[in-house]
1. For the subset of the range 35-67 comprising residues that are within 19 Å of Glu85 (Cα to Cα), of a type outside the set (Gly, Ala, Ser) and in a helix (DSSP H, G or I), which member is modelled with the lowest pLDDT?
2. So Phe260 clears everything in (1) closer than 25 Å to Leu76 by Cβ; (2) modelled with pLDDT of 95 or more; (3) out of contact with any Cys (no Cβ under 9 Å at 6 or more places or on another chain) except one condition, right? Which one?
3. Do we find that Arg238 is outside the structural domain of Ala374 (by TED's automatic domain parsing), modelled with pLDDT of 95 or more and among the basic types (Lys, Arg) in this structure?
4. Filter the range 23-40 down to the residues that are in contact with a helix residue (DSSP H, G or I) (Cβ under 8 Å, 6 or more places away or on another chain) and of a type in the set (Phe, Trp, Tyr), then identify the one that is nearest to Leu360 (Cα to Cα).
5. Looking only at residues in the range 196-233 that are in a loop (DSSP other than H, G, I, E, B) and of a type in the set (Val, Ile, Thr), which one is surrounded by the most Cβ atoms within 10 Å (Cβ to Cβ)?
6. Which pairs turn up if I take residues in the range 1-30 that are assigned by TED's automatic domain parsing to the domain that holds Arg320 and surrounded by 12 or more Cβ atoms within 10 Å (Cβ to Cβ) and look for partners that are assigned to a helix (DSSP H, G or I) and among the acidic types (Asp, Glu) with beta carbon separation below 7 Å, at least 6 apart in sequence or on another chain?
7. Among Leu233, Leu288, which is out of contact with any strand residue (DSSP E or B) (no Cβ under 7 Å at 6 or more places or on another chain) and either among the aliphatic types (A, V, I, L, M) or assigned by TED's automatic domain parsing to the domain that holds Leu315 (or both)?
8. If the requirement is being under 30 Å from Ala326 (Cβ atoms), among the aromatic types (Phe, Trp, Tyr) and modelled with pLDDT of 95 or more, which of these qualifies: Trp26, Trp4?
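The values are calculated or read from the model by the stated rules, or taken from the named source; none is laboratory data. Because the structure is predicted, anything quoted here is derived from the model rather than measured. Here Cβ is always computed from backbone atoms with ideal geometry, including for glycine, and neighbour counts include all displayed protein chains.
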Amino acid sequence: MSEWSLIEQVALGVFAVMWLYQLYFWMRYILAAVRRTKPRGGESQEPRAKSQEPGVSVIVCAKNELANLRDYMQALLTQDYPEYEVIIVNDGSVDDTRTYLEYWQKRYKNLKLTFVPVGAKVTSTKKLAITLGAKAAQYDYLLLTDADCRPESKHWISEMMAGFQPSNSAAVKQQSDQTAERSNIDIVLGFGAYFVKPTLLNRMIQFDTMFNGLQYLGLAATGHPYMGVGRNLAYSKRLFFEHGGFVGLLDNKAGDDDLFVNREATKDNTAVVCTRESLTWSVPKTSLGDWLHQKRRHLSVAPKYKTSTKFRLALEPVTRGLLYAAAIVLVVLGCQQGAVSGQWSVVSLLPMLIALGAMLVRWIWQCVLLSIAASRWGTTKTILLIPVWEIWLPLLTLVMMLIEPLRPKQKRW
């Protein structure tokens, strides 16, 4: 160790601490989500008698979504579930959405229609649309998805509703009264996947979506729920109305899903369902500009997360960045020392070798966990590009978050 410089010793110490936290993060949170993934046809939620299945209202907001409704609405209306309704909220569409929905309403008795008036002067017509859908709902549970989403199977509703069983709680615990009439679960978090396309952009979207999904599902599964996605999210109507719906969240155009969950979810009232048959599939963005706009919109609500959530979310990318920085320093110093002295001894190169070996071990556990999730969900495996995506995406996110406050704010009603 006498051959190691002070900089190498400090860099090695930083590297070790960051590596250990990364190991903890992946084995604690990501693994918790991966363990709950199940392939299609695999054993999933605990079976229940049909008579015990509670009724549920599926709410879909549609704004000029005629093409998507044609492709995916029948999958919503033909679910294998005993008692449910589908409420389509026409969010001010100016295409033929209304005419198309009225045609389907004549064919399916479980289809209900309502609407947001064209030109409604509110910051988020989607929040208004969800509220109108919730008011029109006749059942005690609300299951949300988007008009461009296709359920993985006819068991989607059944899988998501199974999350309201007490045994599926994020903080798994035994209730003293197993015959309690009402579950203590009010929120069920699902995963919304994107259709796989043979493009580099799609591979980046797949990695970003999978990592973020495993993160919020894993944190919820270990008692720290902080967000959900409107493509696949369920909660009780009682929770929504007793807590004022979106009151306090109306000044943001986005946040109808993650901000609501961040405010209402607790370790005791939140469950996770991420089996293959519980997934929904959405059409991904096909241009980098459109995807950046979508991501910027999602990031715009992050400052309104709880302080504890922001700290926990920042800790992972910060430790990841320091891990890569320390590894680069150790590799550069090792190569520099060997080139200058002409001596490539194992002792002098040991810090560099430790860093490279530890990064290889980290890449292996990432490959294993992400490959398992991708295989069970049917999404894209991005093993070789993991180092690229996990360096590029946090840097991109950081730049977008720094630029966002500088953007001119649009005045809205």
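1. So the residue we want is Lys50.
2. Of the numbered conditions (1) closer than 25 Å to Leu76 by Cβ; (2) modelled with pLDDT of 95 or more; (3) out of contact with any Cys (no Cβ under 9 Å at 6 or more places or on another chain), the odd one out for Phe260 is (2).
3. Considered against the rule, which asks whether it is outside the structural domain of Ala374 (by TED's automatic domain parsing), modelled with pLDDT of 95 or more and among the basic types (Lys, Arg), Arg238 comes out as yes.
4. Among those that are in contact with a helix residue (DSSP H, G or I) (Cβ under 8 Å, 6 or more places away or on another chain) and of a type in the set (Phe, Trp, Tyr), it is Trp26.
5. Val229
6. Phe25/Glu316
7. Residue meeting the stated conditions: Leu288.
8. Just a single option satisfies the conditions, and that option is Trp26.
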